[in-house]
1. Taking the condition buried (at least 19 other Cβ atoms within 10 Å of the Cβ) and without any contact (Cβ under 8 Å) to a residue 60 or more places away in the chain, does Ser142 pass?
2. Looking at Cys136, is it touching a Ser or Thr at 6+ places or on another chain (Cβ under 6 Å) and either part of a loop (DSSP other than H, G, I, E, B) or surrounded by 14 or more Cβ atoms within 10 Å (Cβ to Cβ) (or both)?
3. Would you say Thr151 is surrounded by fewer than 22 Cβ atoms within 10 Å (Cβ to Cβ) and closer than 20 Å to His70 by Cα?
4. Could you please find all residues in segment 150-173 being within 15 Å of Thr118 (Cβ to Cβ) and β-branched (Val, Ile, Thr)?
5. When only residues in segment 174-191 that are farther than 30 Å from Asn112 by Cβ and surrounded by 22 or more Cβ atoms within 10 Å (Cβ to Cβ) count, which is modelled with the highest pLDDT?
6. Among the residues of segment 156-179, which ones are hydroxyl-bearing (Ser, Thr, Tyr) and within 12 Å of Gln110 (Cα to Cα)?
7. Considering only segment 146-209, give the strands (runs of 3 or more DSSP E) lying wholly within it that have at least 2 residues that are touching a strand residue (DSSP E or B) at 6+ places or on another chain (Cβ under 8 Å) and over 14 Å from Leu99 (Cα atoms).
8. Which pairs turn up if I take residues in segment 104-123 that are over 13 Å from Thr203 (Cβ atoms) and look for partners that are surrounded by 13 or more Cβ atoms within 10 Å (Cβ to Cβ) and charged (D, E, K, R) with beta carbon separation below 6 Å, at least 6 apart in sequence or on another chain?
Amino acid sequence: MLNAAALLILASATAYDPVFHDAFESPATCPNSTDSFRLTTSDIGYMGDNIPDGIRYRVGMTEYDNIWGHADPYDSIVTWPGRSNSAPIILDFNKQSYLSAHFTVPQDVQINMYGWLTHTEYSYGQDLTASISTSCGDFSPSSAACYIETTSGQVLTRWKTGASTAMCQLQPGQDYFYNIKMTDPNRPSTTCSNTAEVCAIGTANAFGQ
């Protein structure tokens, strides 16, 4: 039986993170489960597109292309690495959830291509932790270059299709997940109330060669 001190520790831990923040869910639950903490849908807003209603509603968040493959609500989808002018704001990021967006590196990808997502200072919501892994929701990837904890306005996990020790190395033809979570949902934020259940999280896509 747990003693009172152990119960207090357990209660405080589950209040912060009921399921997740140290590991990742099994493949059986992460990709398909509707009752897990994976963020599966959200409205998405766009910055700088001069569109009166710059929102896409109920977007499927399990695929990278659905998020960063668009730069406005009306354009056609572009597969990974997406659109270079994509700056989506994830409007419904639940504080206790995580984003795990699947993508496939093309077999014929150009070698030494590189890129990253940026966590914007506008609508930053909360400081973020990000990783790239072959497993859905994995925040403990084998390579340290594939994991980062950042503050607002900073670059999230960097990737490269050629050999690299400073960036997360991606292999042609391989499936990956870009994983994002709030480092600590209880941190004070200037753009998301402590009492709010969801935050708007601003992002931007960038890549080159």
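The values are calculated or read from the model by the stated rules, or taken from the named source; none is laboratory data. Given the structure is predicted, the values throughout are model-derived calculations rather than measurements. Counting neighbours? That spans all protein chains shown, and the Cβs are built from the backbone with ideal geometry, glycine included.
1. Values: buried (at least 19 other Cβ atoms within 10 Å of the Cβ): no; without any contact (Cβ under 8 Å) to a residue 60 or more places away in the chain: yes.
Answer is no for this residue.
2. So Cys136 passes the test.
3. Numbers: surrounded by fewer than 22 Cβ atoms within 10 Å (Cβ to Cβ): yes; closer than 20 Å to His70 by Cα: no.
In short, no.
4. Thr150, Thr151, Val155, Thr157
5. Narrowing segment 174-191 to residues farther than 30 Å from Asn112 by Cβ: 182-191.
With surrounded by 22 or more Cβ atoms within 10 Å (Cβ to Cβ) added as a condition, the list becomes 182, 185.
Values: Met182: 95, Pro185: 92.
The selected residue is Met182.
6. Start the filter on segment 156-179 by keeping residues that are hydroxyl-bearing (Ser, Thr, Tyr), which leaves 157, 161, 164-165, 176, 178.
Correct list: Thr161 only.
7. On the way: elements: 147-149, 175-182, 198-208.
Once the strands (runs of 3 or more DSSP E) in segment 146-209 are filtered for at least 2 residues that are touching a strand residue (DSSP E or B) at 6+ places or on another chain (Cβ under 8 Å) and over 14 Å from Leu99 (Cα atoms), what remains is 147-149, 198-208.
8. Tyr114/Lys160
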